């Protein structure tokens, strides 16, 4: 296969895969930016949730049941545990907690972005990651190697690689 023929094929694949993945690339870009702020209240709204737990649990058990990281009881009475985000009634087992949630669509987008092997969506993440890798490789086939645009592109690619290495190791 001649170099120009390979370049043509790579340009074609790059173009149509880019069009095909435009929506999901936008979704990953938006959810990625939102995930940067996951430890803040950015875009989140408060919601009160009631959960029925077993009665007479210890503070540690309540934290595990509610899946709250760094759970700490702030005060305790004879029939109630009070913690940072809510209360737990020892007699009834009723827990009332305040949770902060992203809007529905944004929550779905961030869960897709964070999918792991326990979720079927991880196949989409693998496909998307491999597609991005293809974009990296195919971008070097967009222009013939002897052109000035290609040579300038190599300088930009080198600068991007250098910036990446600096950011990784600082």
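General remarks:
- Residue 43-residue 135 FRET efficiency (beta carbon distance; Förster radius 30 Å; 0.05 resolution): 0.55
- Using distinct alpha-carbon pairs, which all enter the 1/r mean, Kirkwood radius of the chain in Å: 20.7 Å
- The convex hull drawn around the Cα atoms of the stretch 1-56, when projected onto a plane and averaged over every direction, covers 8.6 nm².
- Per-residue Cβ neighbour rank within 10 angstrom, fewest leading, 107, 79: 79, 107
- The stretch 45-101: relative contact order in percent, alpha carbon pairs under 8 Å with at least 6 residues between: 45 percent
- Alpha-carbon geometry of the stretch 45-101: the Rg and the Dmax are 10.4, 32 Å, given in that order.
- Between helix 148-169 and the chain: long-axis angle, C-alpha atoms, 0 to 90°, nearest 10: 30 degrees
- For the chain, the longest principal axis of the C-alpha atoms and the axis of helix 22-36 are separated by about 50°.
- Convex hull per residue volume in Å³, alpha carbons only, for the stretch 33-131: 125 Å³
- Reducing the stretch 5-65 and the stretch 70-149 to their Cα centroids gives an inter-centroid distance of 5 Å.
- C-alpha long axis of helix 3-20 to longest principal axis of the chain, angle in °: 30 degrees
Read-outs: derived from the displayed coordinates by stated rules, not from any lab. This one's a predicted model, so the numbers in the text were calculated from it and none came from an experiment. Positions of Cβ are generated from backbone atoms using ideal geometry, with glycine treated the same way; all protein chains shown enter the neighbour counts.
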